[in-house]
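Written out below as structure tokens is the structure these notes cover.
The values are calculated or read from the model by the stated rules, or taken from the named source; none is laboratory data. Keep in mind that this is a model prediction, so the values were computed, not measured. In this analysis, Cβ positions are derived from the backbone assuming ideal geometry, glycine residues included, and neighbour counts consider all displayed protein chains.
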Amino acid sequence: MPTLPFLISRFNLIATARLLWVLAILGVSFAARAERPLPLDARQPEIFVSPLNYSILEDPTGQLTLRDVQQPRYAGRFVSGARVATNMEHPGSAYWLRLTVQAIGPQPQHWYLELFDSHLNDIFFFPKSPSEQGRIHTGADRPFTTRPYRYKNYLLQLPVADNQPHTYYLRLQSNSRTSFLSKMRTEQGIAEHFQMEYGLLGAFYGMLLIMIIYNFCLFCFTGEQTYLRYVLYVLSCSLVFLSEDGLGFQYLWPGHPWLNRVVDVASAPLLLLTFGYYARQFLDTPQRLPRYDQWLRAVVLLSVAALLLDGIWWKTGMGMGLYLLPYGMLFFAALRVWQRGFLPARFVLLAHSLVAVSVLFLILRKLGIHTFTNTYTVYSMNAAFVVEVVVLSYALGEKIRAIQHATLKAQHRLVKQLRKKHDVQHRLVEQLRQNEELKDQLNSELENLVAQRTAELQRQGETIASQNRDLVQANGLLALQSAAIEKLNTDLQRDLQKAQTARVLSQEVDFGEFSQIYPDKEACLTYLADLKWAHGYHCRKCGHDNYCEGREALSRRCTRCRYVESATAYTLLQKCKFSIVKAFYAVFLLHTHNGSYSAQELSRVLDLRRATCWSFSQKVLEAMRRQPADPSGEDSWTRLLLDDSGTELDESADEELAVAGESGLGLEHEPAKAKSKQKKVG
């Protein structure tokens, strides 16, 4: 039988377990009711859905279903909208929105939930939770026909019973930081709202269309580039607003939801690019602020690139913040230009200020700050852009008028200058007429003086001509005497040269004395050429007799076949590898000693290798053996130079002679260098 303490302890355990169970149920119930029910009163045609009236569950995986989120495991994770950001902080995640409404009194009209943000890519609405019966699947990634009602925003009908609460679930997914802003409207409220909203939007787009057509016509008539840039800017504005308010998807591309993504990414950079393109042209910053304009253009292009990256990859949802720096720089440029006297810039400042205020409201909504969120602030950007378009159009017209006024003033100044110029020309013509009369008078006087002077010059000319004839005769005699003296000097010089040469050649002289007669290569080649072609030039290839100078010194080129022949070609000195002056002296020594001059002594005198001297001496000896004896013995060594019997020997034969000479005389050995045969002789 259990004792009393045991019963008491058992009773305490049971009570504790029951207490924990009750607390768990209350905790789950409190978590499940994290949001406050939204009271629906038929007397209020529209009710703003406060963050206190809904709760949020983030699903990063995107795999949860309605059945999953209704289970206690996930139901307790719903967080009140007042405790989290009113935007989707993590693009790509699925967000479950739980909304509880409480009908107050009878409900003669249907209630509709309107989601303001048109950039929600995927929406599931479960009107009959906890079951999925009658669910609605729509979104920006699905065709427009999937929406229950043909409206630019998402409009969902809520089945509401009289005096009864009801909970609805929505599954939202977006690729950008989209807000949860929404409103509850009755049928009457929707009708009134539709009428006013579509009327204002129609007027808005109508004004933009009128501005586009008007300025495009002005561009066609005037050719002013500023009008075309303005048209592109207004078109970009229209594209941005068609993407933001959903009218583009509703009317322009309802069957192509992929265009929503393209337009959403491209519209913002296009707007910034076209506005910067237009504002720089309107303010004339390249001329008025040239250095600042370079920085301005770079910042605009970098901001456009950042906007594209944000729309494609980063997806921060704060792309509008990238407008601040380029817009601020454009505002500063307009201020500077206005301070320098360009009055139309004040309209740019006014339009900038209005757009800046509307963009500030938009940034606050993107940040989740809804203190100033209402119908007026939501559509403030539309109103600001309408005012900006009108103001900029007027400013553009004023700029054109200012240009025309400046042109008229310039024309007036030009007319005055032309009148002054005409007066000056008239006075100049009168002065020219007087000058002409004075000139005629002076000309008549000058003609008389010229006639007198001409007669004097004729008399002096006759005297000078007579003296010139005498001088010509005297000069002729002097020229004949000079020619005779020159001929005598030439003959004496030639005789002296011949005497000196004969003296040198009649006896053995050293290399220094020999070099005085043949001092360098040019002197040797000149002598050899004169000796070789003493009887005239005759081409060895075609037999032609006319030639011109070749590229090499003292070479001759046939004018018919273009064959080039050097001074050493077909002579004893063809293919000579050392100084031609030394070669001349070697031939002279060998001829003087009748070939009995040793290669060793020749190497010492000429400062050449013994093998080279031996090879060349063999070549000279062969020529001496082939040469017939000259009875007079006069200049016989120079005739050796014209020996061409050995020119057909190739390089291999020369090398064999050199090797044979080295082995016979004990000379140094030098490796033979391979040389390519040349078509040009010499």
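Does residue 178 fit the bill of being assigned by TED's automatic domain parsing to the domain that holds residue 87, surrounded by 14 or more Cβ atoms within 10 Å (Cβ to Cβ), within 18 Å of residue 246 (Cα to Cα) and not charged (D, E, K, R)? If you could, list the steps in order and put the result at the bottom.
On the way: assigned by TED's automatic domain parsing to the domain that holds residue 87: yes; surrounded by 14 or more Cβ atoms within 10 Å (Cβ to Cβ): yes; within 18 Å of residue 246 (Cα to Cα): yes; not charged (D, E, K, R): yes.
Answer is yes for this residue.
Go through region 566-618 and count every residue that is assigned to a loop (DSSP other than H, G, I, E, B) and under 30 Å from residue 548 (Cβ atoms). Working first, answer last.
Of the residues in region 566-618, the ones assigned to a loop (DSSP other than H, G, I, E, B) are 566-579, 593-598, 607-609.
With under 30 Å from residue 548 (Cβ atoms) added as a condition, the list becomes 566-579.
Going through region 566-618 one residue at a time, the tally reaches 14.
Quick one: is residue 193 in a strand (DSSP E or B) and in contact with a strand residue (DSSP E or B) (Cβ under 8 Å, 6 or more places away or on another chain)? Before the answer, list the steps.
Values: in a strand (DSSP E or B): no; in contact with a strand residue (DSSP E or B) (Cβ under 8 Å, 6 or more places away or on another chain): yes.
No: the conditions fail for residue 193.
Does residue 134 satisfy the criteria of being farther than 19 Å from residue 254 by Cβ, without any contact (Cβ under 8 Å) to a residue 24 or more places away in the chain and out of contact with any His (no Cβ under 7 Å at 6 or more places or on another chain)? Give the derivation first.
On the way: farther than 19 Å from residue 254 by Cβ: yes; without any contact (Cβ under 8 Å) to a residue 24 or more places away in the chain: yes; out of contact with any His (no Cβ under 7 Å at 6 or more places or on another chain): yes.
In short, yes.
Being surrounded by 17 or more Cβ atoms within 10 Å (Cβ to Cβ), among the small types (Gly, Ala, Ser) and at pLDDT 85 or above narrows it down to one residue among 603, 598; which is it?
Numbers: 598 fails: surrounded by 17 or more Cβ atoms within 10 Å (Cβ to Cβ).
That would be 603, the only listed residue that is surrounded by 17 or more Cβ atoms within 10 Å (Cβ to Cβ), among the small types (Gly, Ala, Ser) and at pLDDT 85 or above.
For region 97-119, which positions are of a type outside the set (Ser, Thr, Tyr), in contact with an Asp or Glu (Cβ under 9 Å, 6 or more places away or on another chain) and farther than 20 Å from residue 37 by Cβ? Break it down stepwise before answering.
First pass over region 97-119, keeping only residues of a type outside the set (Ser, Thr, Tyr): 97-99, 101-111, 113-117, 119.
Pick out the ones that are also in contact with an Asp or Glu (Cβ under 9 Å, 6 or more places away or on another chain) and you get 98-99, 103-107, 109-111, 114, 119.
Matches in region 97-119: 119 only.
If the requirement is being assigned to a strand (DSSP E or B), surrounded by 15 or more Cβ atoms within 10 Å (Cβ to Cβ) and modelled with pLDDT of 50 or more, which of these qualifies: 95, 74? Let's see the steps before the verdict.
Details: 74 fails: assigned to a strand (DSSP E or B).
Just one listed residue meets the conditions, 95.
Before we move on, is residue 437 modelled with pLDDT of 75 or more, part of a helix (DSSP H, G or I) and farther than 30 Å from residue 86 by Cβ?
yes
Enumerate the pairs (first residue in region 288-299 and β-branched (Val, Ile, Thr); second residue anywhere and buried (at least 16 other Cβ atoms within 10 Å of the Cβ) and in a helix (DSSP H, G or I)) with beta-carbon separation below 9 Å, excluding pairs fewer than 6 apart on the same chain, so at least 6 apart or on different chains.
Short answer, once both residue conditions are applied: 299/276; 299/326; 299/329.
Look at residue 69 and say whether it is closer than 13 Å to residue 184 by Cα and not in a loop (DSSP other than H, G, I, E, B). Don't jump to the end; show me each part of the working.
On the way: closer than 13 Å to residue 184 by Cα: no; not in a loop (DSSP other than H, G, I, E, B): yes.
Criteria not met by residue 69.
Restricting attention to region 140-152, which residues are more than 25 Å from residue 42 (Cα to Cα) and either touching a residue at least 40 places away in the same chain (Cβ under 8 Å) or not assigned by TED's automatic domain parsing to the domain that holds residue 190 (or both)?
Within region 140-152, 140, 141, 142, 143, 144, 145 meet the criteria.
Just one of 592, 571, 559 is under 16 Å from residue 644 (Cβ atoms) and not basic (Lys, Arg); which is it? It would help to see each step written out before you state the result.
Details: 592 fails: under 16 Å from residue 644 (Cβ atoms); 559 fails: under 16 Å from residue 644 (Cβ atoms).
Among 592, 571, 559, only 571 is under 16 Å from residue 644 (Cβ atoms) and not basic (Lys, Arg).
Quick check: anything in region 268-280 over 24 Å from residue 360 (Cα atoms), touching a residue at least 24 places away in the same chain (Cβ under 8 Å), assigned to a helix (DSSP H, G or I) and out of contact with any Cys (no Cβ under 8 Å at 6 or more places or on another chain)?
Start the filter on region 268-280 by keeping residues that are over 24 Å from residue 360 (Cα atoms), which leaves none.
No, because not a single residue in region 268-280 is over 24 Å from residue 360 (Cα atoms), touching a residue at least 24 places away in the same chain (Cβ under 8 Å), assigned to a helix (DSSP H, G or I) and out of contact with any Cys (no Cβ under 8 Å at 6 or more places or on another chain).
Here are 201, 170, 155: which of them is in a helix (DSSP H, G or I) and in contact (Cβ under 8 Å) with a residue 24 or more places away in the chain?
Numbers: 170 fails: in a helix (DSSP H, G or I); 155 fails: in a helix (DSSP H, G or I).
None of the other options fit; the residue is 201.
Return yes or no: is residue 309 surrounded by fewer than 20 Cβ atoms within 10 Å (Cβ to Cβ) and either farther than 30 Å from residue 345 by Cβ or in contact with a Lys or Arg (Cβ under 6 Å, 6 or more places away or on another chain) (or both)?
On the way: surrounded by fewer than 20 Cβ atoms within 10 Å (Cβ to Cβ): yes; either farther than 30 Å from residue 345 by Cβ or in contact with a Lys or Arg (Cβ under 6 Å, 6 or more places away or on another chain) (or both): yes.
Yes; evaluated as a whole, the condition is true for this residue.
Tally the residues that are assigned to a loop (DSSP other than H, G, I, E, B) and hydroxyl-bearing (Ser, Thr, Tyr), restricting the search to region 112-127. Give the steps one after another, and end with the answer.
Residues of region 112-127 that are assigned to a loop (DSSP other than H, G, I, E, B), as a first pass: 116-121, 127.
Imposing the further condition that a residue be hydroxyl-bearing (Ser, Thr, Tyr) reduces the set to 118.
Within region 112-127, residues that are assigned to a loop (DSSP other than H, G, I, E, B) and hydroxyl-bearing (Ser, Thr, Tyr) number 1.
Quick one: which residue in 480, 442, 392 is surrounded by 10 or more Cβ atoms within 10 Å (Cβ to Cβ), assigned by TED's automatic domain parsing to the domain that holds residue 232 and not polar (S, T, N, Q)? Let's see the steps before the verdict.
Working: 480 fails: assigned by TED's automatic domain parsing to the domain that holds residue 232; 442 fails: assigned by TED's automatic domain parsing to the domain that holds residue 232.
The unique qualifying residue is 392.
Would you mind stating whether residue 82 is surrounded by 15 or more Cβ atoms within 10 Å (Cβ to Cβ) and either under 47 Å from the mean Cα position of the chain (by Cα) or within 23 Å of residue 183 (Cβ to Cβ) (or both)?
Numbers: surrounded by 15 or more Cβ atoms within 10 Å (Cβ to Cβ): yes; either under 47 Å from the mean Cα position of the chain (by Cα) or within 23 Å of residue 183 (Cβ to Cβ) (or both): yes.
Judged against the criteria, residue 82 is a match.
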